[in-house]
Amino acid sequence: GAKRVIFHLYNSTSTLQRKVVFNKSREEVIKLATDATHIVKDNTRDLVASGTALTLEYSPESYTATEMDFAVEICAAVMDVWRPTVDDKIVLNLPSTVEMATPNIYADQIEWMHRNFSKRDCVILSLHPHNDRGTGVAAAEFGVMAGADRIEGTLFGNGERTGNVDVITLAMNMVS
């Protein structure tokens with residue numbers, strides 16, 4: 001009965017996880033993502049026909065350890081299946097699954113993606129910074145300056161491992 005739904009798909013895309021976890025090539029990992037997108041699209045037609053506004057969100061998990069050209073390629077492949085429009089956008093979420101670098105490096109990665117997405121006007125560019133280095137809020141702020149449209153986090157930074165970006169602190173910083 002939900003009127004608005006975000007369906008979130010993700011798979012790891014980092015070099016290490018492609019080799020060690022999946023034992024798959026880039027092409028095989030893209031197929032994993034696009035096959036999942038087809039499954040969601042095919043199995044939600046009735047839901048959409050009944051009036052539910054459905055948005056797909058896709059995350060290349062371990063984004064910060066993924067080659068930028070591959071990250072944009074897999075996101076484009078998912079977009080090709082989903083076919084977002086300016087009025088019915090896709091959420092592409094770029095998580096700092098493990099905060100591997102300083103916030104300015106993450107922002108550089110976000111800016112690169114922002115500039116290199118095909119059909120950028122059909123994308124809600126979302127970030128999910130973690131706080132492994134204690135700089136999740138700074139990474140989120142820099143990411144917004146680099147072109148992000150949305151930040152995903154938790155209240156007070158509670159979350160997996162070392163926590164997610166604290167949206168309370170982030171909001172207070174943005175207001176002040």
Quiz item: Counting only residues that are open to solvent by less than 60 Å² (accessible area, probe 1.4 Å) and either of a type in the set (S, T, N, Q) or farther than 21 Å from V123 by Cβ (or both), how many does region 23-34 have?
Solution: 2
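For (1) in contact with a Lys or Arg (Cβ under 8 Å, 6 or more places away or on another chain); (2) closer than 20 Å to T66 by Cα; (3) of a type in the set (F, W, Y), each residue gets a yes or a no:
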{"site": "D108", "(1), (2), (3)": "no, yes, no"}
{"site": "F117", "(1), (2), (3)": "no, yes, yes"}
{"site": "L127", "(1), (2), (3)": "yes, yes, no"}
{"site": "V137", "(1), (2), (3)": "no, no, no"}
{"site": "A146", "(1), (2), (3)": "no, yes, no"}
{"site": "F156", "(1), (2), (3)": "no, no, yes"}
{"site": "N164", "(1), (2), (3)": "no, yes, no"}
{"site": "V167", "(1), (2), (3)": "no, no, no"}
{"site": "M172", "(1), (2), (3)": "no, no, no"}
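Yes or no, residue by residue, for (1) of a type outside the set (K, R); (2) touching a His at 6+ places or on another chain (Cβ under 7 Å):
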residue	(1), (2)
R115	no, no
I124	yes, no
P129	yes, no
T135	yes, no
T162	yes, yes
D166	yes, no
M174	yes, no
Practice problem: Mind telling me which of the residues S62, S50 ends up being over 25 Å from D121 (Cβ atoms) and touching a Pro at 6+ places or on another chain (Cβ under 9 Å)? | Solution: S62
Quiz prompt | Only listed residue being of a type in the set (F, W, Y), within 15 Å of V78 (Cβ to Cβ) and in contact with a Phe, Trp or Tyr (Cβ under 8 Å, 6 or more places away or on another chain), chosen from Y10, Y63 | solution = Y10
Quiz item: Before we move on, is S62 modelled with pLDDT under 95, on the phi > 0 side of the Ramachandran plot, surrounded by 15 or more Cβ atoms within 10 Å (Cβ to Cβ) and within 13 Å of the chain's Cα centre (by Cα)?
Solution: yes
Quiz item: Within region 101-130, restricting attention to residues that are within 17 Å of V91 (Cβ to Cβ) and of a type in the set (S, T, Y), which residue is modelled with the lowest pLDDT?
Solution: S118
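The values are calculated or read from the model by the stated rules, or taken from the named source; none is laboratory data. This is a predicted model, so every value here is computed, not measured. Reconstructed Cβ throughout: ideal geometry from the backbone, glycine too, with neighbour counts over all protein chains shown. All accessible areas refer to the heavy atoms of the entire protein, side chains included, with ligands and DNA or RNA removed. Shrake-Rupley method; radii C 1.70, N 1.55, O 1.52, S 1.80 Å.
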